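Here's the structure, in structure tokens; my notes come after.
The values are calculated or read from the model by the stated rules, or taken from the named source; none is laboratory data. Predicted model only: the values in this text are computed from it and were never measured. Positions of Cβ are generated from backbone atoms using ideal geometry, with glycine treated the same way; all protein chains shown enter the neighbour counts.
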Amino acid sequence: MSASARRTPFTHEHYKYILRSGLDSGYKFISFSELGKLGQDQQLVCLRHDCDNDLTAAEAMARLEEEMGVRSTFFLMLRSAMYNLLSIPNAELARKVIRRGHDIGLHFDEQYYPNATPAQLVAYVDWERAFLSREFGVPVEVVSFHQPSQRVLENRVRTDCISTHDRNYMKGVHYISDSNMVWKKRCPIEFFLARKHPRLQLLIHPEWWTPEEMTVQQKWNQMLLNNFELIQQSLLRRERTYTQRQEIEFMLLECDEIMGCHLSGSKHRNCTIDKDTGGA
């Protein structure tokens with residue numbers, strides 16, 4: 001890992017710098033479906049957003065990209081642990097992303113179907129894609145897998161649509177990811193400036209990028225806060241008995257012996273409780 005990758009601040013301002021570096025280096029931001037249609041002599045980027053946990057963060061990123069004239073694909077989950085895509089507030093955020101000129105794809109959670117054969121997974125992907133398309137009134141032509149299994153990475157699951165993991169379709173495309181706030185090699189700025197790879201797939205998780213620098217735990221807390229606020233806004237509008245705005249305060253449990261830590265009623269053995277300074 002290069003020194004610049006270690007220093008990368010995961011902020012909106014630095015993300016804009018990354019995009020500007022790509023544009024200034026002559027890269028064109030395209031959809032995944034365009035990748036197979038454009039010439040090999042062009043500098044191309046498929047900008048991908050796997051929306052695991054927070055559509056508030058996704059919509060903020062969509063707005064930032066629209067202002068810079070950048071197009072990307074936001075991969076939405078039907079089975080996120082953090083957000084309900086079909087709730088009114090989250091569905092409206094997804095529609096805002098579409099109205100800003102971006103594409104949507106399916107972020108498919110293979111673990112929901114633990115015993116499925118490859119052929120069954122293909123059918124489930126098609127069903128979820130069709131559902132998304134009907135719900136939001138746009139084509140859903142591409143899928144990314146959430147925490148893909150080895151059989152997906154080895155091309156043993158051959159979807160009927162474009163897959164971001166398809167070795168054949170993505171042949172010659174260099175992959176860059178910010179997974180867990182770690183660049184596996186270098187910050188994308190270095191790739192853009194070097195122009196060594198004419199075709200790039202850049203995976204950016206919106207929830208890792210915030211207006212100010214935060215620790216990983218603070219970013220998780222922000223995701224929880226964003227989702228809670230969407231729920232609360234809905235409750236305040238629609239439920240007559242929910243009349244007071246609530247606030248969340250996070251508490252950090254620190255265990256001396258992680259493996260021997262057990263919850264028992266109101267006691268947490270081997271643990272101390274401290275307030276997380278990154279909470280609300």
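Does region 16-29 contain at least one residue that is in contact with a Gly (Cβ under 7 Å, 6 or more places away or on another chain), more than 22 Å from residue 207 (Cβ to Cβ) and surrounded by 14 or more Cβ atoms within 10 Å (Cβ to Cβ)? For region 16-29, residues in contact with a Gly (Cβ under 7 Å, 6 or more places away or on another chain), more than 22 Å from residue 207 (Cβ to Cβ) and surrounded by 14 or more Cβ atoms within 10 Å (Cβ to Cβ): absent.
Whenever a residue of region 155-177 is in contact (Cβ under 8 Å) with a residue 60 or more places away in the chain, its partners that are among the acidic types (Asp, Glu), lying with C-beta atoms within less than 7 angstrom and at least six residues away or across chains, give the pairs 162/141. Residues that are surrounded by fewer than 15 Cβ atoms within 10 Å (Cβ to Cβ), of a type outside the set (S, T, N, Q), over 27 Å from residue 209 (Cβ atoms) and assigned by TED's automatic domain parsing to the domain that holds residue 50 occur in region 140-154; there is at least one. Residues that are in a helix (DSSP H, G or I) and among the charged types (D, E, K, R) within region 204-223 comprise 207, 219, listed in sequence order.
Results for (1) part of a loop (DSSP other than H, G, I, E, B); (2) modelled with pLDDT of 95 or more; (3) of a type outside the set (Asp, Glu), shown as yes or no for each residue.
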site	(1), (2), (3)
156	yes, yes, yes
160	yes, yes, no
165	yes, yes, yes
176	no, yes, yes
183	yes, no, yes
186	yes, no, yes
191	no, yes, yes
202	no, yes, yes
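All conditions in (1) in a loop (DSSP other than H, G, I, E, B); (2) at pLDDT below 95 hold for residue 233, with the sole exception of (1).
Note on region 178-219: among residues that are hydrophobic (A, V, I, L, M, F, W, C) and within 13 Å of the chain's Cα centre (by Cα), the one that is nearest to residue 38 (Cα to Cα) is 202. If the condition is being surrounded by fewer than 15 Cβ atoms within 10 Å (Cβ to Cβ), charged (D, E, K, R) and farther than 27 Å from residue 70 by Cβ, then region 98-139 contributes only 134.
Quick one: in region 196-235, of everything that is closer than 26 Å to residue 246 by Cβ and aromatic (Phe, Trp, Tyr), which residue is surrounded by the fewest Cβ atoms within 10 Å (Cβ to Cβ)? By that ranking, first place goes to 228.
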